[in-house]
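We did not get these values from a lab; they are worked out from the coordinates using the rules stated. Because the structure is a prediction, the values reported are computed rather than measured. Counting neighbours? That spans all protein chains shown, and the Cβs are built from the backbone with ideal geometry, glycine included.
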Amino acid sequence: EAGVVQSPRYKIIEKKQPVAFWCNPISGHNTLYWYLQNLGQGPELLIRYENEEAVDDSQLPKDRFSAERLKGVDSTLKIQPAELGDSAVYLCASSRDSGNTIYFGEGSWLTVV
Amino acid sequence: QKEVEQNSGPLSVPEGAIASLNCTYSDRGSQSFFWYRQYSGKSPELIMFIYSNGDKEDGRFTAQLNKASQYVSLLIRDSQPSDSATYLCAVSDPKTSYDKVIFGPGTSLSVIP
């Protein structure tokens with residue numbers, strides 16, 4: 001079974017530029033998560049989808065971050081414009097349903113210069 | 001007070017010894033507890049979960065939960081150099097209507113050959 005796939009793995013951009021991350025969850029997993037992980041910290045939830053519905057986006061900075069999950073499968077996370085403090089790892093994860101084991105992707109490492 | 005606390009480490013143990021990783025949480029209503037292992041540059045991987053007070057054993061790993069003390073621990077017996085990683089404690093948030101988990105900052109473990 002293929003795992004959670006994310007791209008790009010690494011991205012370096014200048015501040016104020018836009019960036020987008022893509023995630024393909026494990027087949028059959030209805031719940032998809034985007035987490036932010038700073039160095040030396042645990043993952044922090046940005047947004048959670050149940051199928052195509054964003055059911056928890058309370059931690060998503062909506063002034064510059066946006067996300068979508070069209071057709072309830074793949075998802076994209078966008079930052080526009082990026083700030084220096086956005087440098088972090090953006091982890092996508094999925095689970096069969098809420099409450100089941102969460103499987104993480106390898107992460108997208110963002111550096112804003 | 002942070003919701004999930006862990007000693008950041010690094011915790012160093014000799015090969016073959018028992019590594020003891022500790023985690024405390026602030027919300028007495030939390031019901032589900034997880035340990036994730038994260039190798040450097042990799043994504044978190046679930047290794048144990050526990051819901052009831054007491055011990056749960058899986059191979060060389062034992063999770064211990066004490067809800068009265070709001071404390072959960074992970075013991076790794078016969079530690080191996082391949083166990084060197086950051087261990088993330090995650091706790092369910094009872095304030096949410098679904099099984100949202102909150103991650104601690106992680107404890108870095110180094111097993112010395």
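Residue B:103 falls short on exactly one of the conditions (1) crowded, with 19+ Cβ neighbours inside 10 Å; (2) away from chain A (no Cβ under 11 Å), and that condition is (2). Once the stretch A:36-54 is narrowed to residues that are of a type outside the set (Lys, Arg) and within 8 Å of chain B (Cβ to nearest Cβ), the residue that is farthest from residue A:75 (Cα to Cα) is A:40. Evaluating residue B:79 against the criteria (1) assigned to a loop (DSSP other than H, G, I, E, B); (2) under 23 Å from residue A:45 (Cβ atoms) leaves one unmet condition, (2). Does any residue of the stretch B:42-64 turn out to be within 14 Å of chain A (Cβ to nearest Cβ), over 15 Å from the mean Cα position of the chain (by Cα) and assigned to a loop (DSSP other than H, G, I, E, B)? Yes, that holds for at least one residue.
In the stretch A:24-38, the qualifying residues are those that are in contact (Cβ under 8 Å) with a residue 40 or more places away in the chain and farther than 13 Å from residue A:102 by Cβ, and the one that is surrounded by the most Cβ atoms within 10 Å (Cβ to Cβ) is A:37. Tallying residues that are farther than 18 Å from residue A:54 by Cβ and either of a type in the set (Ser, Thr, Tyr) or not in a strand (DSSP E or B) (or both) within the stretch A:5-42 yields 17.
Would you say residue B:70 is free of Cβ contacts under 8 Å to residues at least 60 places away in the same chain and over 23 Å from residue A:36 (Cα atoms)? So residue B:70 passes the test.
Is it the case, given these coordinates, that residue A:60 is within 13 Å of chain B (Cβ to nearest Cβ), hydrophobic (A, V, I, L, M, F, W, C) and either part of a loop (DSSP other than H, G, I, E, B) or in contact with a Cys (Cβ under 6 Å, 6 or more places away or on another chain) (or both)? In short, no.
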